[in-house]
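Right, one structure below, let's go through it.
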Amino acid sequence: MRRKLLALVSLGWIFNYAHRMAVPPLIPMIRAELGISNAEAGLLMTALLLPYALIQVPAGYIGDRIGRKYLLLISIIGYSISSALIVFASQYWELIAVRALYGLFSGLYYAPATALISDVYRERKGSALGVFMVGPPVGSGIAPLIVVPIAVNLKWRYAFPVLSVMSLAVGIALALAVRGEVSRPSRVRFSIPRNVIPLSVANFIVLAAFFGLLTFLVSFLVNSGVSVQEASLFFSLLSLIGIAGSIFGGALYDRIGKGSIAMVFGLNALLTLVLALTASPWVVVPLGLTFYSVGAIVTAYTAEKAGEENLGPVMGFVNMVGFLGATVGPYFIGLLIDKTGYERAFLAMPAMYLVALAIIKVEEVAEKREISRT
């Protein structure tokens with residue numbers, strides 16, 4: 001039962017990401033059709049990420065109250081239907097509105113899902129969450145493979161109903177294969193401990209860099225002379241390698257704990273610097289391993305900072321702050337591209353990872369001082 005649950009919940013997370021990451025590979029086509037700037041293209045991601053971020057804490061609390069699996073089903077149905085509505089959006093503001101509605105429903109997924117998995121897999125939560133967190137790399141990886149051929153041969157809008165049919169099938173399978181609620185706390189309390197604040201701020205910064213890079217990676221490579229088709233393949237390669245990165249990150253956390261956070265932040269700073277300076281698409285090979293390991297590690301560490309009664313709200317809070325950063329990231333990087341060009345804009349990403357690393361190091365020093373006092 002545990003493996004079936006983990007597989008289906010992870011599959012729902014994969015399509016959650018496939019829907020949201022279907023836009024970046026299509027940005028050149030969307031810009032050409034609508035005549036929008038890079039900053040406005042970045043707002044297509046911001047429009048979904050802002051409501052996604054704001055609903056995180058309520059989602060964690062509501063999932064603990066009414067049932068985590070029940071809320072996951074609401075999320076899958078809602079994000080599938082709302083994403084399909086993009087086929088009717090012909091104006092820029094209509095795209096913004098549809099993506100915002102999608103962001104609201106997709107935001108109901110992460111907090112109850114990670115709380116459920118952390119509760120069911122208490123001893124090996126890092127490894128289990130590593131499996132769950134293959135959602136971002138797999139979803140991001142399959143998105144171009146699905147949407148680009150449809151966009152080239154038909155119209156780019158038609159790709160979204162196709163994704164919706166796939167994700168609705170996952171929701172039906174979860175409802176039929178896993179009967180009843182699997183995990184619900186006996187007592188629910190809405191509280192956010194102060195010790196999650198530094199981690200939340202660091203998560204804000206790294207997710208701003210993460211989504212900034214994902215949003216403009218294809219455009220960055222195309223600007224460097226790579227074809228759209230080849231750039232899309234490297235975008236998928238980054239994500240597919242990230243599958244191993246996510247599993248690696250979860251296993252690494254189970255082995256060395258929070259020390260894994262500083263390790264992957266440092267490696268991401270180095271590799272994004274190399275990417276910005278060389279514009280070599282092959283940098284995505286090692287970057288995929290470290291880029292996607294962050295999610296499993298941060299999620300597992302967040303679960304350690306919560307109790308059974310406030311697990312959902314804490315998971316939601318750290319993810320909420322992180323995705324507020326993700327909301328800012330695409331617009332910020334797009335604006336930098338418009339003002340300074342691709343190379344200088346991409347140099348902001350290693351700097352962001354270094355700042356996040358510094359925050360984690362300061363937190364470690366503060367914790368050691370607190371332990372020595374007691």
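Can you compute the FRET efficiency between LEU237 and LYS368 using 1/(1 + (r/R0)^6), with r the Cβ-Cβ distance and R0 = 56 Å? Round to the nearest 0.05.
Values: r = 40 Å, r/R0 = 0.72.
Efficiency for this residue pair is about 0.90.
With an 8 Å cut-off on Cα pairs and a minimum separation of 6 or more residues, tell me the relative contact order of the chain in percent.
Value for the chain: 29 percent.
Over segment 1-156, calculate the relative contact order: mean separation of alpha carbon pairs under 8 Å at least 6 apart, over the residue count, as a percent. Walk me through the numbers before you get to the answer.
Numbers: 185 pairs, mean separation 62.6, N = 156.
Value for segment 1-156: 40 percent.
Sort 243-253, 130-140 by the packing proxy (mean of other Cβ within 10 Å over each peptide's residues), most packed first.
On the way: 243-253: 23.6, 130-140: 26.5.
Descending packing order for the listed peptides: 130-140, 243-253.
Leaving out same-chain residues fewer than 8 places away, which lysines sit with a Cα under 20 Å from that of LYS69?
LYS4, LYS125
Given C-alpha coordinates of segment 1-121, what is the ratio Rg to Rh with the Kirkwood estimate of Rh? Don't skip to the answer; put the middle values down first.
Numbers: Rg = 15.6 Å, Rh = 15.0 Å.
On the Cα set of segment 1-121, Rg over Rh gives 1.04.
Out of every Cα pair in segment 102-175, what percent are spaced more than 19 Å from each other?
Numbers: 1351 of 2701 pairs.
Pairs farther apart than 19 Å: 50 percent.
Would you mind computing the Rg to Rh ratio of segment 252-300 from its alpha-carbon coordinates, Kirkwood style for Rh? Present the calculation step by step, with values, prior to reporting the outcome.
Numbers: Rg = 11.7 Å, Rh = 11.2 Å.
Reported Rg/Rh, Kirkwood definition of Rh: 1.04.
Nearest 500 deg cm²/dmol is fine: what mean residue ellipticity at 222 nm does the chain get from its DSSP H runs of n ≥ 4 alone, each adding -39,500 (n - 2.57), divided by its residue count?
Working: 18 runs with 301 residues, N = 374.
The helix-only estimate for the chain comes to -27000 deg cm²/dmol at 222 nm.
What longest range of the chain stays clear of loop-exposed trypsin sites (Lys or Arg not before Pro) (DSSP non-H/G/I/E/B, at most 11 other C-beta within 10 angstrom)? Provide the component values of the computation, followed by the final result.
Values: sites that count: ARG122, ARG179, ARG187.
Looking at the chain, 188-374 is the longest stretch - no exposed trypsin sites (Lys or Arg not before Pro) with at most 11 other Cβ atoms within 10 Å.
Can you give the three extents of the C-alpha atoms in segment 222-262 along their principal axes, from longest to shortest, in whole Å?
In descending order, the Cα extents are 41, 18, 6 Å.
Rounded to two decimals, what is the ratio between the C-alpha radius of gyration of segment 157-306 and 2.2 N^0.38 Å? Could you put the intermediate results ahead of the total?
Values: Rg = 18.8 Å, N = 150, 2.2 N^0.38 = 14.8 Å.
Taking N as the residue count of segment 157-306, the ratio is 1.27.
For segment 321-327, what does the Karplus curve 6.51 cos²θ - 1.76 cosθ + 1.60, with θ = phi - 60°, yield as ³J(HN,Hα) per residue in whole Hz, taken in order and with x for Gly and Pro?
Karplus-based 3J(HN,Hα) across segment 321-327 equals 4, x, 7, 5, x, 5, 5 Hz.
Report the full-extension gain for the segment TRP282 to LYS361: residue separation times 0.36 nm, less the Cα-Cα distance, to one decimal in nm. Could the numbers behind the result be given before it?
Numbers: separation 79, 0.36 × 79 = 28.44 nm, distance 3.05 nm.
In short, 25.4 nm is gained.
Across the Cα atoms of segment 314-374, what radius of gyration and what greatest pairwise Cα-Cα distance (Dmax) are found, in Å?
Calculated on Cα positions, Rg and Dmax stand at 16.2, 52 Å.
Pairwise over distinct Cα atoms, reciprocal of the mean inverse distance: report the Kirkwood radius of segment 225-347 in Å, one decimal place. Show your work: numbers first, answer last.
Working: mean 1/r = 0.0625 Å⁻¹.
Evaluated over segment 225-347, this radius sits at 16.0 Å.
At a temperature of 10 °C and a viscosity of 1.306 mPa s, determine how fast segment 280-348 diffuses translationally according to Stokes-Einstein, using the Kirkwood radius over alpha-carbon pairs as Rh; express D in µm²/s, rounded to the nearest whole number. Don't skip to the answer; put the middle values down first.
Numbers: Rh = 14.5 Å.
Here the translational diffusion coefficient equals 110 µm²/s.
So, by mean Cβ neighbours within 10 angstrom, what's the order for 85-93, 324-332 with the highest one leading?
Details: 85-93: 14.3, 324-332: 25.1.
Per-residue Cβ counts within 10 Å, averaged per peptide and sorted highest first, yield 324-332, 85-93.
Grab the eigenvalues of the alpha-carbon gyration tensor for the chain, scale each by 5, take roots, and send me the semi-axes largest first in whole angstrom.
Numbers: eigenvalues 184, 132, 61 Å².
Those come to 30, 26, 17 Å.
Readers should treat all values here as calculations from the given coordinates under stated rules, not as data from a laboratory. Here the structure is a predicted model, which means the values were calculated and not measured. Quick reminder, even Gly has a Cβ in these numbers, built from the backbone with ideal geometry, and neighbours come from all protein chains shown.
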